[in-house]
Every structure is written in C-alpha cells, then in structure tokens.
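Trainee: Take a look at this one; I'll ask things after.
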Amino acid sequence: MDRKDLRIMVIGAHPDDPEVNMAGTIAKFAESGARVRMVSVSCGDKGHRVLPPKELAERRYGETQASARTLGAERYVVLDGHDCELEATMEMKLKVTKIIREFAPHIIFTHRTCDYHADHRAVGQILMDITYFLGVPYWCPEAPVPDVMPAVFFMRDKFTVPREIRPDVVVDVTDVQDQAADALCCHASQFFEWLPPELPGAAEENPGVDGSVEDKRAFVKKYWFVRKEMDARRFGLSVRYPEVFELSEYGKQLSSNEIKAMFPECAIVRERESSGMR
Ligand SMILES: [Zn+2]
C-alpha cells in the first residue's frame, strides 16, 4: 500500500488524550506519509480551575489545531461532547460512526474501557459498541459503509484490573521526543495550568505558559514521558521512550506482517497469526 493511502484515526475523550498517549507515533505515521486525523469526543470544557467552560473550550480548540500542525496531522476534530459528561449514548455512537465512515481509517486508536476517567471509558465503550456496526448499512445510513473496515488498537494505560495492556506493538519514539513534547506544550491550558498541581513536585517546577520552549519541553518530558519510561520497565523494553498498543479483538484482525506493513518502520510487533475479520 502507498503510504499516502494509509489513513489513521486517533479517538480520545479530551483534547490532549491522543498526544499524551501517542504523540510520537502520530508524528511518525505522519512523517511516513500516512494521513492522520485526531479526534476529541469532548470539547474539554471542564479542565481548568479558573477559566469558565465556554472560554476554556474555545482556548482548547486552538490548542488542538496547533498540536495537529506540530505533529503533521491533517485534521483535529473536536466533537461537542462535554467534559465529565461523556456516555455511550445512541446520539454519540452515531456521531462517532459518521466521523469514522467519512474518513474510512485503516487503523483507529482509542482508550480501553478500564480507566480512571469515566470519559475515557465512555469513548472506549462507544468504539467497542460501534466497531461491528461500521459494516452494517442500515446503521447510520446517512454515512455510507466504506470499503475499508478498521483495525482498532488501544492506547496505553497503567491499569491492571481486569488485566494490564498487552503490548502487541511497540513504537520507539525516542528520536521524535522533542516533537512529541512540543505537541503536549501546545496544550498550555493543561500542561502548564490545570495539571501541574495534580503531580507531586510539578507545581514548583512549572515553567508556566510564558516559559522558554526548552524549559517547557524539559518539564513535560520529566512529568509526562515518565509513563513511557515506566512502560519500558514493566514490559522489559530496551527503548527509552516506547509507545505501546494492543490490538482489540473487535474490528479487523491483522497478522503481524500486516501490522508491520502499516506501522512506522521502527515498530516492534508481537508475532501473531490471525488475519481477516473477527
Ligand atoms: Zn483525558
């Protein structure tokens, strides 16, 4: 397949979830020629202690567009769901179906359904609910069924109940760490305002929105790339900054060779045999 025909969609609950979990992989897909669209199902309108929801949503929309440019994604779609209020409703399932069918991605990345944040779980649930329906013509008939049925991969999380994520694919993003950090820095309302008080030590070291590019990069690497270092340790990977993904049993099943052909060249793929649908 020609790389420019490869379509990748990353669907998170909040504007910054795709970046937090896989900014480096997004950059690598885009750099390899693939078309990448990022999606936030909510407008992220509650992630602040001072800014009221409407103002915050507008600011965060601007942050998504800057982040998409930084990573080389062709579009960052922000749906109208509200932060802390996402549910796998019929209305939301239809909305997400439409944006998927319109783009017809080969691969979708999303959250697992075990996660501390109800919005993350809801988005995972929406994907689990509609993945089969994507091929059902009379489900959401206003958006026709595309030729391509997507494989669904889960982005990393740290949770172990009912079980921890299985690293079917590992992407080494060490060489794009600055670009990945810069994408996080685009979300200034989060990484330099909302989140630092939640992490021990971070509030004291926060360079703030007006800090230098270098200081902001170093700060987000120290406090958020530690998750990648943690994954390297728990999965025994000799990679400084890995981004790990698990292939969902729902959606198209890919053989390890098919995964290798689609993912960026540096991806390490666990051997698996099955291919075809379900
Ligand atoms: Zn989130």
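Trainee: Per the Kirkwood definition applied to all pairs of different Cα atoms, how many angstroms is the hydrodynamic radius of the range 133-278?
Mentor: The answer is 17.8 Å.
Trainee: Still on this structure, please answer the following. Of the residues Glu102, Glu142, Glu205, which exhibits the maximal mean-square fluctuation in a Gaussian network model of the chain defined by a 10 Å Cα contact cut-off?
Mentor: Evaluated over the chain, the most mobile residue of the options is Glu142.
Trainee: So, one more: Over the chain, consider all pairs of different Cα atoms and compute the Kirkwood hydrodynamic radius from their mean reciprocal separation; express it in Å, one decimal.
Mentor: 18.9 Å is the Kirkwood radius here.
Trainee: Quick check: at a probe of 1.4 Å, how many percent of the accessible area of the range 57-198 sits on carbon and sulfur atoms?
Mentor: Carbon with sulfur: 54 percent of the solvent-accessible area.
Trainee: Can I ask one more? DSSP loop (so not H, G, I, E, B), at most 15 other Cβ within 10 Å: list which chymotrypsin sites (Phe, Trp or Tyr not before Pro) in the range 115-195 pass both filters.
Mentor: The qualifying sites are Tyr116, Tyr132, Tyr138, Phe159.
Trainee: Taking the Cα-to-Cβ direction at Phe235 and at Val161 and moving 7 Å from each Cα, how far apart do the two end points lie in nm?
Mentor: Spacing of the two 7 Å Cα→Cβ label points: 2.4 nm.
Trainee: How many angstrom lie between the Cα centre of the range 193-257 and the Cα centre of the range 10-27?
Mentor: Comparing the Cα centres of the range 193-257 and the range 10-27, I get a distance of 11 Å.
Trainee: Further question on the same structure: Could you report the accessible area of His120 in Å², rounded to 10, computed with a 1.4 Å probe on the protein chains as they sit in the structure?
Mentor: 10 Å²
Trainee: Check each of the trypsin sites (Lys or Arg not before Pro) in the range 49-136 and keep only those in coil by DSSP with at most 16 other C-beta atoms within 10 angstrom; list them in order.
Mentor: Arg49
Trainee: Another question about this same structure. Top mean-square fluctuation among Thr110, Thr160, Thr70, Gaussian network model of the chain, C-alpha springs under 10 Å?
Mentor: Comparing Thr110, Thr160, Thr70 in the GNM, the peak value goes to Thr160.
Trainee: Now for a different question. So what are the range 91-181's ellipsoid semi-axes, whole angstrom, largest first, if each one is the square root of 5 times an eigenvalue of the alpha-carbon gyration tensor?
Mentor: 27, 17, 12
Trainee: Let me ask something else. Can you give me the distance in nm between label points at Tyr138 and Glu87, each placed 7 Å from the Cα along the Cα-to-Cβ direction?
Mentor: It is 2.7 nm.
The values are calculated or read from the model by the stated rules, or taken from the named source; none is laboratory data. Just so it is clear, the model here is predicted, and its values are computed rather than measured. A quick note on method: Cβ atoms are made from the backbone with ideal geometry, for glycine too, and the neighbour counts reach across all protein chains shown. Ligands, DNA and RNA are excluded from the accessible area calculation, which covers all protein heavy atoms including side chains. Shrake-Rupley method; radii C 1.70, N 1.55, O 1.52, S 1.80 Å.
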